Amino acid sequence: MLTLLFPTMAFAADEATSPQLQAAIDAVWVMLAAILVIFMQAGFALLEAGSTRMKNAGHVAGKTILTFGICALAFWAVGFGLAFGEGNSFFGTTGFFVNGLEEQAKAAFGSLSFSDVPIGIKFLFQLAFCGVSLAIAWGGFAERGKLPVYFLFGVLYTILIYPIVAHWVWGGGWLADLKMQDFAGSTVVHLQGATAALVATLLLKPRIGKYNKDRTPNLIPGHNQVFSVLGVIILWIGWFGFNPGSTLSAMGDGFFGYIALTTNLAAAAGAVAALIVSWMYFGKADIPSMLNGVLAALVAITAACAFVEPWAAVVIGALAGIITFFTAQWFEKAGVDDPIYAFSVHGIAGIWGTLSTGFFATPELAERVGVGSAGLFYGGGLHQLGVQALGVFGAFAFVFILSYIILGLMKATIGLRVTEEEEIIGLDLSEHGTYGYPEQMKKASEAAAGETAGAKAGTSGSLVG
């Protein structure tokens, strides 16, 4: 069909060499994967907006675009070089202000030289990962974070936090030397973002009305469960760019298809397991818990997707859904108001997923990927599990400490949280001057005003009587 439509393309293809065709196919594949991962921003916008209240919906959706724009500029200027540039065991020192030329790629990005994909496409692919990590971090700010914080922390996270751990694992750093297995980022992407979200949640304190005086939590439901479901579906689809795309190649025997298989099986198992356990716990099948189960399973399999067999992917996904459900309940009862359960879904599941290769990695797949060794259940002993645990601890400690310092300084200077009045009004109006749902919010405010007037009239009448 392409020959009939584009005969000049067919003529050019006849003259192309096999390596040129392979490079072209790989480039198209990674570009498609980058688009899928970038499209996950739409999933985060829908999920977070649906999981929060109507008065904050426009703000939540709009800041997704704002922060991805901030991330793109900062990662282009500094972050990509720190993550993948030539340097030392802790950070890169070359490749800043990416120009998209192969001369810069050969001189500055040796850690990416295993792939012939053009450096501009590699940059977009890695930018998409950084953008996802930052989007996860914002979950801890939901419904109470100041808009200026998104600017400042967005830049600092992109140039001081995310690329450092990325370099450790993927850029030739000390964890790469130890052969840590994190194929697509359970630790690099998800645990980092979740840890920053946890710090923000602790420093911002709970939302108004979340806890009673006896510290028992109140339910603050999101305004649109359908949005949340659609957001998770988009994220599930986007993960096929996330995990299979990390092969950076569509050639060979289709290994990216195997990774897609393990990814999908884990997500399915997480959905079913989380719904069942919520049904047993609440007495009702809880849809938000099922959605969190899907995401937790996807987070967990992200590290392990290229190292484990399909049956192990099912186990990893199911356990991720169950663990995330119970840790979410525990954090809420402990007084941690995490509106979209960012740390449970992306942090706890990210830890489990990273550790899981230390149990389930097969020797054949570890050899094929070329990273690490077999897990405990395949005769590998405790070595790989120890490396995985060290990587998790190192990444968590680094991100927690640095995030706490940055956000603590911001809290002491410009402040992190909007005023009580602004929070009650909603961030749509207080930060942007208009509601995401203007007609519905107008009706709600008129109804509230009517109730207030009626109550005052009733009080006045009773006093006269």
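The values are calculated or read from the model by the stated rules, or taken from the named source; none is laboratory data. Values in this document were obtained by computation on a predicted structure and should not be read as measured data. Using ideal geometry, Cβ is built from the backbone for each residue, glycine included, and neighbour counts are taken over all protein chains shown. What goes into the accessible areas is simple: the full protein's heavy atoms, side chains included, and nothing from ligands, DNA or RNA. Shrake-Rupley method; radii C 1.70, N 1.55, O 1.52, S 1.80 Å.
Among the numbered conditions (1) of a type in the set (A, V, I, L, M, F, W, C); (2) free of Cβ contacts under 8 Å to residues at least 60 places away in the same chain; (3) not in a helix (DSSP H, G or I), tell me where ALA105 comes up short.
ALA105 satisfies every listed condition except (3).
Report every pair of residues separated by at least 6 positions or lying on different chains whose Cβ atoms are under 9 Å apart, first residue within the stretch 16-29 and of a type in the set (Val, Ile, Thr), second open to solvent by less than 80 Å² (accessible area, probe 1.4 Å) and part of a loop (DSSP other than H, G, I, E, B).
Close Cβ pairs (under 9 Å, with a partner that is open to solvent by less than 80 Å² (accessible area, probe 1.4 Å) and part of a loop (DSSP other than H, G, I, E, B)) amount to ILE25/SER249; ILE25/ALA250; ILE25/MET251; VAL28/ALA250.
Is there any pair with a first residue in the stretch 268-297 that is open to solvent by less than 20 Å² (accessible area, probe 1.4 Å) and a second that is among the charged types (D, E, K, R) and at pLDDT below 95 whose Cβ atoms are under 6 Å apart and which are 6 or more apart or on different chains, and what are they?
If the second residue must be among the charged types (D, E, K, R) and at pLDDT below 95, no pairs are left.
Looking at TYR150, TYR162, which is the one that is within 25 Å of PHE393 (Cα to Cα) and either assigned to a helix (DSSP H, G or I) or not aromatic (Phe, Trp, Tyr) (or both)?
Among TYR150, TYR162, only TYR162 is within 25 Å of PHE393 (Cα to Cα) and either assigned to a helix (DSSP H, G or I) or not aromatic (Phe, Trp, Tyr) (or both).
Per-residue answers, yes or no, for (1) within 21 Å of VAL299 (Cα to Cα); (2) at pLDDT 95 or above; (3) crowded, with 20+ Cβ neighbours inside 10 Å:
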{"residue": "PRO19", "(1), (2), (3)": "no, no, no"}
{"residue": "ILE25", "(1), (2), (3)": "no, no, no"}
{"residue": "VAL30", "(1), (2), (3)": "yes, yes, yes"}
{"residue": "ALA34", "(1), (2), (3)": "yes, yes, yes"}
{"residue": "MET40", "(1), (2), (3)": "yes, yes, yes"}
{"residue": "LEU47", "(1), (2), (3)": "yes, yes, yes"}
{"residue": "GLY50", "(1), (2), (3)": "yes, yes, yes"}
{"residue": "PHE68", "(1), (2), (3)": "yes, yes, yes"}
{"residue": "ALA74", "(1), (2), (3)": "no, yes, yes"}
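Return the pairs, sorted by first residue and then second, in which the second residue is assigned to a helix (DSSP H, G or I) and open to solvent by 10 Å² or more (accessible area, probe 1.4 Å), the first residue lies in the stretch 50-72 and is over 20 Å from PHE39 (Cβ atoms), the beta carbons are less than 6 Å apart, and the residues are 6+ apart or on different chains.
HIS59/GLU431
Note down all Cβ pairs under 6 Å where the first residue falls in the stretch 152-168 and is without any contact (Cβ under 8 Å) to a residue 40 or more places away in the chain, the second is among the hydroxyl-bearing types (Ser, Thr, Tyr) and crowded, with 24+ Cβ neighbours inside 10 Å, and they're at least six residues apart or on different chains.
Filtered contacts from the stretch 152-168: no entries.
So is TRP174 surrounded by 17 or more Cβ atoms within 10 Å (Cβ to Cβ), within 21 Å of LEU402 (Cβ to Cβ) and aromatic (Phe, Trp, Tyr) or not?
Considered against the rule, which asks whether it is surrounded by 17 or more Cβ atoms within 10 Å (Cβ to Cβ), within 21 Å of LEU402 (Cβ to Cβ) and aromatic (Phe, Trp, Tyr), TRP174 comes out as no.
Among the residues of the stretch 210-239 satisfying the criterion of being in contact with a Phe, Trp or Tyr (Cβ under 9 Å, 6 or more places away or on another chain) and in contact (Cβ under 8 Å) with a residue 40 or more places away in the chain, which is farthest from VAL30 (Cα to Cα)?
Result: PRO217.
Taking helices (runs of 4 or more DSSP H) that fall entirely within the stretch 301-405, which contain at least 3 residues that are touching a residue at least 40 places away in the same chain (Cβ under 8 Å) and within 21 Å of the chain's Cα centre (by Cα)?
Answer list for the stretch 301-405: 310-333, 349-360.
Let's see how each residue does on (1) open to solvent by 30 Å² or more (accessible area, probe 1.4 Å); (2) in contact with an Asp or Glu (Cβ under 9 Å, 6 or more places away or on another chain); (3) more than 23 Å from GLN181 (Cβ to Cβ):
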residue	(1), (2), (3)
ALA303	no, yes, no
LYS333	yes, no, yes
TYR341	yes, yes, yes
LEU355	yes, no, no
LEU365	no, yes, no
TYR404	yes, no, yes
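Within the stretch 177-224, take every residue that is open to solvent by 50 Å² or more (accessible area, probe 1.4 Å) and assigned to a helix (DSSP H, G or I) and give me the one that is farthest from VAL336 (Cα to Cα).
ASP177
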